[in-house]
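Enquirer: Take a look at the following structure, please.
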Amino acid sequence: MATLSREQVTTSLRGISLRQVRLVSGVILFAYLVSHFLNHALGNISLEALASGVYFHTAFWQFLPVTILFYAACLVHTALGIWALYERRQFRWKAIEPLQLALGLSIPMLIIAHVIGVRLGQTLYGHEKLYPQILFLYWIWQPWRIWMMLAVMTIAWVHGCIGLYLWLRMRAFFKRAAPFLLAAAVLIPTLAMLGFYQSGRMVIDLDSDEWRAETQTVRQIGTREEAQTLERITNYFLFGYFGLIGIALLARGARAINERRRGMINLSYGNGRTVRVPRGLSVLEASLRNNVPHASVCGGRARCSTCRIRIIGDCSDLPKPSQREAFVLGRVGTSDPSIRLACQLRPPTDLSFFQLFLPHTSADGHDSHPTRVGQERYLVSLFVDMRGSTQLAEKRLPFDTVFIVNRFLGAVSQAVLESGGMPNQFVGDGMLALFGLSTSRREACRQAMRAAARIAFNVDALNKFLEHDLREPIRFGIGINGGEVIVGDIGYRDHMVFTALGDPVNVAARLQDMTKSLACELVVSDEVRATAGIAEDALPAQEVAIRGRNEPMIVRTVDDARTLTMLVNGEQSAAA
């Protein structure tokens with residue numbers, strides 16, 4: 001068990017890259033931004049509400065461990081932004097990505113004066129600049145700062161929302177959560193800006209000699225000399241920040257010159273096309289630079305494997321896969337050294353390869369942008385097959401056979417839909433149904449078991465309806481299995497279908513076929529039985545060998561699928 005835990009930790013660490021560090025630090029900063037904006041929104045109520053809100057805001061974010069985490073995230077995220085400016089060789093991925101980078105790099109230069117004036121002023125001189133002092137500065141003393149504040153609020157929010165979108169768009173729940181996230185993305189900054197405006201108007205109305213004497217004391221805002229010192233520190237930070245950006249740009253130019261001096265290499269795509277690029281470019285960057293279509297769902301972030309290529313010829317001279325690339329290739333189960341990620345491989349010499357996943361292009365050559373890209377998630381697969389359809393067709397007209405098969409598939413599909421599943425593929429007289437597209441693992445397993453019982457009842461009703469036309473009742477076999485699969489649109493151009501791929505789906509098909517030799521209606525994996533909450537002694541267990549798998553598998557057999565109704569409903573009642 002300890003060995004397994006160490007392996008799991010090692011695997012998780014292999015999956016960490018600079019992108020994951022950037023993501024974590026960005027989420028921390030966005031959490032601070034949401035907290036700050038919600039505090040601003042209290043200005044729509046009163047200045048007293050603002051004061052109460054900022055008390056809880058500062059109590060949390062100035063708690064020492066949280067403070068250390070927050071400022072570490074600030075430094076790391078800023079440094080990684082500058083590194084991204086240097087590292088990114090190709091800015092033609094999509095307009096949203098260079099926009100996000102430009103917005104992110106502009107935030108420190110817009111916010112540094114506010115941070116130093118408030119936070120560093122408190123640390124060095126004990127200033128107590130809260131909302132009354134800041135609002136007075138912005139709305140009365142230096143009104144031009146209003147536009148800077150509104151600009152930085154907009155820029156920071158848009159930058160954070162773009163980052164969250166690029167992170168969450170491939171998640172299973174994103175489609176359902178998108179309307180709520182959009183509402184929050186619009187309402188939170190709108191309320192914050194309205195609160196900033198309303199509180200500013202309140203300060204203007206309250207402005208008087210007495211109010212200034214109470215809120216603009218030396219202890220609260222400091223002396224002129226202290227303000228000048230803070231301003232010089234701000235200028236030093238700005239010069240340093242601009243210097244870092246300048247160094248990154250100069251380093252980019254030096255790298256480009258150096259790469260051209262080191263020579264050019266040829267990349268051959270296996271379809272007769274060859275491009276000539278400087279050494280140091282990744283294969284994906286070379287494709288984009290030369291307008292060669294190349295699949296890449298995640299945009300070259302090494303978060304998917306759709307840009308995979310297979311090297312033609314000797315690959316011993318290629319650089320070894322990075323930690324992140326090895327992790328992704330391990331996730332897709334490949335150990336072939338000739339298969340690499342195009343977004344990570346930077347060949348030092350001429351290279352020939354072909355793409356494993358062709359990009360989706362329409363007839364005119366433009367991207368078709370499929371609506372459902374590949375995702376890895378847990379699903380329960382249910383395979384059902386009609387028995388004896390060959391003999392059924394031998395003694396009937398073709399139209400009669402099609403009618404009966406369609407009625408069978410209709411009865412099965414109705415049971416699946418009523419149970420919360422999705423009929424997915426129809427292969428002859430069989431069907432694949434998927435469960436768990438919008439539910440938890442436990443509920444998906446229970447839905448599949450419930451669907452099997454309803455299929456049995458629906459087929460019974462169909463047999464009674466067709467008893468005058470059938471020499472023997474329609475029989476069927478069902479296989480149920482669950483596991484991590486890849487779901488997405490599969491096909492070509494206008495012939496795309498949403499389906500699931502992976503070993504768990506294949507195993508479900510094998511279990512369905514096994515109902516013939518085990519003389520039962522249903523074979524379900526023990527993992528699905530346990531996840532569904534069915535008692536261990538409720539169904540007989542067998543250890544069977546699965547074709548294509550090295551190790552045997554424990555399954556549960558059900559002679560009459562209708563009995564599952566009592567088991568599933570009984571477990572549900574017990575849980576309640």
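Enquirer: Put +1 on the Cβ of each Lys and Arg and -1 on the Cβ of each Asp and Glu in segment 276-361; which of Ala302, Pro348, Leu281 then has its Cα farthest toward the positive end of the dipole?
Expert: Of the listed residues, the answer is Ala302.
Enquirer: In whole percent, and with a 1.4 Å probe on the protein chains, what portion of the accessible area of segment 159-305 is carbon and sulfur?
Expert: On the way: 5040 of 8320 Å².
Of all accessible area on segment 159-305, carbon and sulfur atoms account for 61 percent.
Enquirer: So, with +1 on the Cβ of K and R and -1 on the Cβ of D and E, and no other charges, what is the size of the charge dipole of the chain about its Cα centre, to the nearest 20 debye? Working shown, then result.
Expert: On the way: 60 positive and 48 negative charges, 391 e Å.
With Lys and Arg at +1 and Asp and Glu at -1, about 1880 debye.
Enquirer: Between Arg549 and Tyr197, what FRET efficiency follows from the Cβ-Cβ distance if R0 is 56 Å, with the result rounded to 0.05?
Expert: Working: r = 65 Å, r/R0 = 1.16.
Using R0 = 56 Å, I get an efficiency of 0.30.
Enquirer: Using a 1.4 Å probe on the protein heavy atoms, what percent of the accessible area of segment 16-128 belongs to carbon and sulfur?
Expert: Values: 4390 of 5830 Å².
Result for segment 16-128: 75 percent of the exposed heavy-atom area is carbon or sulfur.
Enquirer: What Rg and what Dmax come out for segment 116-199 when only alpha-carbon atoms are used, in angstroms?
Expert: In order Rg, Dmax, the Cα atoms of segment 116-199 give 17.1, 50 Å.
Enquirer: When ligands, DNA and RNA are left out and all protein chains stay put, how many square angstrom of accessible area per residue does the chain have with a 1.4 Å probe? Provide the component values of the computation, followed by the final result.
Expert: Numbers: 30940 Å² over 576 residues.
Here the per-residue accessible area is 54 Å².
Enquirer: Here's something else I'd like to know. For segment 158-205, what size does the Cα cloud have along each of its three principal axes, sorted from largest down, in whole Å?
Expert: Taking the Cα atoms of segment 158-205, the three principal extents are 50, 19, 7 Å.
Enquirer: Hey, rough spin-label estimate for Asp469 and Leu150, points 7 angstrom out along Cα→Cβ, what's it come to in nanometres?
Expert: The answer from the label model is 7.2 nm.
Enquirer: Provide Rg over Rh for the chain; use the alpha carbon set for both Rg and the Kirkwood Rh (inverse mean inverse pair distance). Show your work: numbers first, answer last.
Expert: Numbers: Rg = 31.3 Å, Rh = 29.0 Å.
Rg divided by Rh gives 1.08.
Enquirer: Separate question: State the percent of C-alpha pairs, over all pairs in segment 222-300, separated by a distance greater than 15 angstrom. Let's see the in-between values first.
Expert: Working: 2200 of 3081 pairs.
Here the tail beyond 15 Å accounts for 71 percent of pairs.
Enquirer: List the relative contact order of the chain as a percent without decimals, with contacts defined as Cα pairs under 8 Å and 6+ residues apart. The partial results should precede the final answer.
Expert: Numbers: 781 pairs, mean separation 64.0, N = 576.
Relative contact order comes out at 11 percent.
Enquirer: State to the nearest 20 debye the size of the charge dipole of segment 119-201 about its Cα centre, where the only charges are +1 on K and R beta carbons and -1 on D and E beta carbons.
Expert: Details: 8 positive and 1 negative charges, 67 e Å.
Result for segment 119-201 is approximately 320 debye, rounded to the nearest 20.
Enquirer: Sort Phe383, Phe56, Phe196, Phe63 by heavy-atom solvent-accessible area, probe 1.4 angstrom, most to least. Can you show the working numbers first?
Expert: Working: Phe383 45, Phe56 145, Phe196 15, Phe63 120 Å².
Ranking Phe383, Phe56, Phe196, Phe63 by accessible area, largest first, yields Phe56, Phe63, Phe383, Phe196.
Enquirer: Then there is this: Using +1 at the C-beta of Lys and Arg and -1 at the C-beta of Asp and Glu, which of Ala535, Gly81, Val158 has the Cα lying farthest in the positive direction of the dipole of the chain?
Expert: Gly81
Enquirer: Something else: Counting only DSSP beta bridges with both residues in the chain, tell me the antiparallel percent, nearest 5.
Expert: Values: 51 of 56 bridges.
Here the antiparallel bridges make up roughly 90 percent for the chain.
Enquirer: For the chain, find the longest principal axis of its Cα atoms and tell me its angle to the long axis of helix 96-115, 0 to 90°, nearest 10.
Expert: 40 degrees
Enquirer: Let me ask you something else. I'd like the carbon and sulfur percentage of the solvent accessible area for segment 422-486, probe radius 1.4 Å, heavy atoms only, ligands and nucleic acids excluded.
Expert: Numbers: 1520 of 2890 Å².
Solvent-exposed carbon and sulfur of segment 422-486 make up 52 percent of the total.
Enquirer: A follow-up question, please. To the nearest 0.05, how large is the calculated FRET efficiency for Ser268 and Ala326 if R₀ is 25 Å and r is the Cβ-Cβ distance?
Expert: On the way: r = 25 Å, r/R0 = 1.01.
The value I calculate is 0.50.
Enquirer: How far apart, in nanometres, would the label points at Phe354 and Lys175 be if each is projected 7 angstrom from Cα along the Cα-to-Cβ direction?
Expert: 3.2 nm
Enquirer: Here is a further query. Taking a cut-off of 12 Å between Cα atoms, list the aspartates and glutamates near Lys516, but don't count ones fewer than 8 places away on the same chain.
Expert: Asp385, Asp559
Enquirer: A further question follows. Against the longest alpha carbon principal axis of the chain, how many degrees, from 0 to 90 and to the nearest 10, is the axis of helix 224-262 turned?
Expert: Relative to the chain, helix 224-262 is tipped by roughly 50 degrees.
Enquirer: Still on this structure, I have one more. Helix 398-418: angle to the longest alpha-carbon principal axis of the chain, degrees 0 to 90, nearest 10?
Expert: Rounded to the nearest ten degrees, it is 40.
Enquirer: Next question, about the same structure. Treating segment 184-327 as a set of equal point scatterers at the Cα positions, no solvent, please give the Debye-formula log₁₀ I(q)/I(0) at q = 0.09, 0.10, 0.20 Å⁻¹.
Expert: Per q value, in the given order, log10 I(q)/I(0) is -0.65, -0.71, -1.32.
The values are calculated or read from the model by the stated rules, or taken from the named source; none is laboratory data. Please read these numbers as outputs of a predicted model, since none were measured by experiment. Positions of Cβ are backbone-derived with ideal geometry, glycine not excepted, and every protein chain shown enters the neighbour counts. Keep in mind that these areas ignore ligands, DNA and RNA; they rest on the heavy atoms of the full protein, side chains included. Shrake-Rupley method; radii C 1.70, N 1.55, O 1.52, S 1.80 Å.
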